Structure formats: structure tokens, C-alpha cells
1. Between LEU190 and LEU170, what FRET efficiency comes out of the Förster formula 1/(1 + (r/R0)^6) with R0 = 25 Å and r the beta carbon distance, rounded to 0.05?
2. Order 63-76, 118-131, 25-38, 177-190 from most to least packed using the mean count of other Cβ atoms within 10 Å.
3. Could you give log10 I(q)/I(0) at q = 0.18, 0.21 Å⁻¹ for the stretch 70-201, computed by the Debye formula over C-alpha point scatterers of equal weight, without solvent?
4. Label point 7 Å out from ASN87 along Cα-to-Cβ: which residues of the stretch 147-161 have amide N under 13 Å?
5. Dividing the alpha-carbon Rg of the stretch 27-112 by 2.2 N^0.38 Å yields what?
6. Based on other C-beta atoms within 10 Å, arrange ARG21, ARG88 from fewest to most.
7. Nearest 500 deg cm²/dmol is fine: what mean residue ellipticity at 222 nm does the chain get from its DSSP H runs of n ≥ 4 alone, each adding -39,500 (n - 2.57), divided by its residue count?
8. Check PHE108: other-chain or 5+ apart residues with amide H under 5 Å from its amide H, H built from backbone geometry?
Amino acid sequence: MNGYGNVLEQIKKWDKNITIRLNEIGGPYITSALKIFSFLGRETIWLLLITFYIFIWFDPFIFINIGATYLLGVLLIVPLKFSLKRNRPFTELSEITTSGRKPSSGSFPSWHAYNIVSQCIVISYLFPSIGLLIFFLFLIIIVCFSRVQLGVHYPSDVFIGVLMGIACSLFTIIIIDPFLLDFVSKIQNLNPELFQTILYTINPLLFQNLLYLLLCILLFAVILLLGFYKSLKKLGEQK
């Protein structure tokens, strides 16, 4: 038990030292660029994609994989954050500065790291391409690094987020995807003509039904508003 405690203390010490060293390294221009890249780890983009592939371009294969991976993250990451309640580096270390968005949730594990890793794996599975894979590896490295550089996560938060992202994306691809596709296929067989009309095509209701169009606009607007709410609130306070 004593040895286990010593290991935890060493990890915490290593976490703090690395975070302090990397905090805003590269200067203000690099930090500003990393703030933009860091946004890719938030839920906004993935929720927009899920909504698009359900309501605009119906494709069960894509939205099941993206949606299930996102949902697994919500079911695992959120409870861990609330139960462990690890302090963020910028609240715990006086040496840390961050001029970006300051999350109020627990630091462990990293939601951004989970999102960028899990969804990049899933999208690489959906659209296999060497070029896309290399691009996604670049994004994963940049987003994960940004969380430490911006002072909002410790390296161990990011590391566990990455591991959970890999595990959940593989679980979705291997277990959930075949099961749910089989379920959708059975539903599709109940009315093949209807599904043939909307499957892999722009939803005709988008242009034929005003209420449906307004519903889609409302859903996208709500997702974007939630994604930029704190930034907009901060701008309002500055004025």
C-alpha cells in the first residue's frame, strides 16, 4: 500500500512539473493557435455531425458509430469527472496561467483527449484513407498537447483520456456498430420504399416541409450556442 502511495505521489509530482514547463510554451502566438485547435476536442463538432447524418443526410452507418462513441464518452467521462473532482492545474498551481476558456468540471480524465482520439479513430474507420489518418494523427497530437500547454489539464488526465478514447472507439466498431446496424436493418425492412427514398440522400422533408427545416435550423443553432456560450458570455462581460 505504501509503495502504491509512493507511485501516486511520483505521478502527481511528474504531472505538476511537466505542466509547469509546458504552460504557454512557445509564446502568445502558439498559445492562440492552440486555443483554436483545442476547440476540436469539444463536443460541438461531433454533435453537429450526428445531427447532420440523422436529419439532413441519413446514414445509419455513420451516425451510429459517431453517436455511440460520443455517448460512451458521456457515460464514462462525466461520472468520473464528478466523482473524482480533480482540481485543474490553473486552480491548483500558482505558476500556471491560462487566458483561454477555464472549464469548471473536474480535470480527470480529459474530455477533449477522449473526443479527438475516439472520433478520429471512428472517422478513419468510416472513411479509410492514409492521408486522412496522417492528418488525424497530427490533430490528436496537437489537441492533446494543447490541453497541457493551456494549463487546463495534467498530462495524466490527457493520457487516460487517450486510452479511454481508443478503448471506446474500438468497442463501438467491434461490438455496438454490428448490433445497431442489424437493428436498423430490421426497422428498414418494415418499410423498404421509405428507407430507400431517404437513405444516403438529402432528406426531402428539408425542402418540402417548413417545420422540418425550422427544426433542423433550431437543432444546429442550439448546438452552436451551447458550444460558444461561455465565449459569448465572456465577450458580453468585457463590454
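1. On the way: r = 31 Å, r/R0 = 1.25.
Taking R0 as 25 Å, the efficiency between LEU170 and LEU190 is 0.20.
2. Numbers: 63-76: 19.9, 118-131: 16.8, 25-38: 13.9, 177-190: 12.1.
For the peptides 63-76, 118-131, 25-38, 177-190, the packing ranking is 63-76, 118-131, 25-38, 177-190.
3. Rounded to two decimals, the profile gives -0.98, -1.17.
4. The answer is none.
5. Numbers: Rg = 16.1 Å, N = 86, 2.2 N^0.38 = 12.0 Å.
Relative to the rule-of-thumb radius for its length, the stretch 27-112 sits at 1.35.
6. Numbers: ARG21 10, ARG88 21.
Going from sparsest to densest Cβ surroundings: ARG21, ARG88.
7. Working: 12 runs with 177 residues, N = 239.
Rounded to the nearest 500, it is -24000 deg cm²/dmol.
8. Amide H neighbours of PHE108: ARG86.
Since every read-out is calculated from the coordinates, none of them should be taken as a lab result. All values reported here derive from a predicted model rather than from experimental measurement. Reconstructed Cβ throughout: ideal geometry from the backbone, glycine too, with neighbour counts over all protein chains shown.
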